[in-house]
1. If you check each cysteine of the chain for another cysteine whose beta-carbon is under 4.7 Å away, which ones come up empty?
2. Report the paramagnetic label zone for residue 194: residues of segment 21-46 whose backbone N is under 15 Å from a point 7 Å from Cα along the Cα-to-Cβ axis.
3. Between segment 360-390 and segment 47-89, how many Å separate their Cα centres?
4. Using mean Cβ contacts within 10 Å as the protection proxy, how do 182-189, 205-212 order, highest first?
5. Starting from the Cα of residue 226, step 7 Å along the direction of its Cβ; do the same at residue 155; then give the gap between the two resulting points in nm.
6. With angles folded into 0 to 90 degrees, how steeply does helix 358-368 sit against the dominant principal axis of the chain? Use alpha carbons for both and round to 10.
7. Per residue, how big is the convex hull around the C-alpha atoms of the chain? Give it to me in cubic angstrom, could you?
8. Using a Debye calculation, one point per C-alpha and no hydration shell, please list log10 I(q)/I(0) for segment 169-286 at q = 0.10, 0.15, 0.19, 0.20 Å⁻¹ in order.
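Nothing in this text is a laboratory measurement; each read-out follows from the coordinates by a stated rule. Just so it is clear, the structure is predicted and the values come from calculations on it, not from any experiment. Virtual Cβ from ideal backbone geometry, glycine too; neighbours counted across all protein chains shown.
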Amino acid sequence: MNDQLAYAMITPYSLYKSRTGGIIGRLLAHARLEFVGVRMFVFSNEFIDQYQKIICPPGMDAKLESAWHKYIDESLRPDNPWGYLPRCMLLLFRGPNAVRHLKEDVIGGFTDQPVGDTIRGTYGDYIHDDHGIRYFEPAVITCPNSEVNDKHLELLAKYACTDGGLLDGRIEYPEGNVEVSLVMLKPDNFERRSRRPGNIMDAFSLTGLRIVGAKLFNMTVAQGQEFYGPLKDIFVRKLKGNIAQEVYQRMHDAFSFPFTMVDAAAVSDMLAERNAITEFNRIVEYMTGVNPEDVDPSQAKIASRTKCLALLYEGSQAISKIRNVLGSTDPNKAEPGTVRSDFGRDLMRNGAHASDSPESAIRERRIVGLLDRETDCDLAATIRAYLKNR
């Protein structure tokens with residue numbers, strides 16, 4: 001069968017209970033599919049009314065069908081009885097037999113047996129007796145079969161721009177000083193199928209903050225240069241001493257006259273700018289997969305070969321809470337149990353980036369496209385392109 005586009009929708013309750021990282025870890029590690037898109041949603045009543053009509057395929061058990069309709073009404077509508085913002089996270093996957101594989105092998109069906117071999121087996125609940133289904137929480141919603149998949153995708157694309165996107169400012173918090181922090185999971189987390197992205201997100205759940213934005217994107221050379229631009233001047237200042245030491249070690253006995261640290265410092269002054277540019281380009285190349293020196297300036301806005309996941313976390317003192325869990329830039333110096341201590345390899349491949357101030361968060365959000373209410377929608381474009389080529 002040709003490649004299919006399939007979706008997995010993490011439910012509001014799963015997000016509210018911070019099960020997101022565990023679920024995403026399962027999806028990315030066990031789905032033999034390409035992860036191609038993600039978007040936050042709070043669905044309108046208009047969407048829910050139409051989704052209700054197609055969520056259950058013909059022939060479904062009547063009790064389960066009734067449970068589905070009740071669940072969607074009570075959990076996904078904006079005016080739900082629980083009183084919370086019904087955030088959903090929608091993830092898109094592409095690959096052979098994607099709909100069946102995602103549904104049957106990864107997400108799973110419903111069972112009252114205590115097994116955890118699927119996402120629903122671990123994170124969902126299905127409790128029933130002779131009188132019917134007593135409690136129902138699917139954890140993840142997906143299309144039941146390939147026959148109705150296109151209808152589901154068409155509906156999601158139709159409402160992606162109006163019902164999805166940025167949710168910051170829509171949750172009420174009991175504490176003050178509400179901030180939004182940008183977290184970016186770096187490219188090495190997506191080099192192969194693994195639980196790493198989900199495990200990192202699970203670590204950030206310790207903050208108690210809420211995810212209010214998500215975007216899977218290919219950072220371009222132009223974005224990388226702008227995003228990491230402030231590091232250039234820092235590299236000039238901070239790396240000059242390293243250059244002097246390197247120059248001295250290599251040249252102190254290379255001449256018949258004394259070569260001192262004063263001489264090495266003078267040489268480092270001449271090399272500091274070139275060294276800073278080289279180090280800066282290394283970071284941009286790591287984040288984009290493209291060496292800036294090899295790119296025609298006219299192509300910088302589209303040149304990219306890597307994948308990053310940007311997330312927005314909102315809540316009281318979000319900036320400091322995220323950075324405490326993130327840990328020191330150098331994984332070897334990071335506090336045990338922090339993200340960079342557990343998942344970092346070196347100063348550059350250190351798992352994730354997080355904003356260091358509210359001002360930086362705004363600047364970085366603008367660069368990656370998570371600052372303003374989006375008028376365009378990458379996820380809708382991905383779905384429409386797939387349906388057009390069917």
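1. 56, 88, 143, 308
2. Hits in segment 21-46 for residue 194 at 15 Å: 25-26, 28-30.
3. A separation of 26 Å, based on Cα centres.
4. Values: 182-189: 22.9, 205-212: 19.8.
Ranking the peptides 182-189, 205-212 by packing returns 182-189, 205-212.
5. About 3.7 nm separates the two model spin labels.
6. 70 degrees
7. Numbers: hull volume 65.7 nm³, N = 390.
It comes to 168 Å³ per residue, whole-number rounded.
8. Once normalised to I(0) and log-transformed, intensities are -0.56, -0.87, -1.05, -1.09.
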